[in-house]
Amino acid sequence: MSIQPLLDALDIQEDAARALTDDLRTQIGELQTRLREAETHLEHLAITRKTVTGLADRLPAVPPDLPEHPDYPRILGVFNDVTGPLRARDVCEALDHELLPKNIEGTRAKLKGLVKLGILTEADAGGFTRKQ
């Protein structure tokens, strides 16, 4: 029995294994390059997030749009001049409205609307303050 056919078969398998190994090394190199690029991109995104969140504190807050009624800016002006909570009756007085139930209730409704917009808070039942 001749050993040459066995050696030839081994040569073919070694060549195939070497080609596969070379191909896999090439793929690994390409994957490592892609991994480095993805990691770099991820680092850049993290830096961008940190920068944006750091700058967000410096941006002026955009107040929500007020409803179309002349009392709303005046009501906010009243709250700019006080530190404690105000009741609807107090705001009516500050706006020089007659202290009639309809005026007080209308003012209370406007104050509740400003609470819904996130501009005022209702500190206690009927007491409103500027949101901090």
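The values are calculated or read from the model by the stated rules, or taken from the named source; none is laboratory data. The structure displayed is predicted, hence computed values, not measured ones. All Cβ positions, even for glycine, are placed from backbone atoms using ideal geometry, and neighbour counts span all protein chains on display. For accessibility, only protein heavy atoms count, side chains too; no ligands or nucleic acids. Shrake-Rupley method; radii C 1.70, N 1.55, O 1.52, S 1.80 Å.
Brief remarks follow.
- Heavy-atom accessible surface of the chain, averaged per residue, reaches 79 Å², computed with a 1.4 Å probe.
- For the chain, hydrophobic long helices are taken as DSSP H runs at least 18 Å long by C-alpha position along their axis with mean Kyte-Doolittle hydropathy of -0.5 or more; these are 4-56.
- According to the Kirkwood relation over distinct C-alpha pairs, the hydrodynamic radius of the chain is 21.4 Å.
- Inter-label distance, nm, simple model (7 Å from Cα along the C-beta direction), residue 47/residue 81: 5.2
- Estimated FRET transfer efficiency (residue 59, residue 23; beta-carbon r; R0 35 Å; 0.05): 0.10
- Of every Cα-Cα pair in segment 1-61, the percent that sits beyond 19 Å: 65
- Using a probe radius of 1.4 angstrom, the carbon and sulfur fraction of the accessible surface of the chain is 57%.
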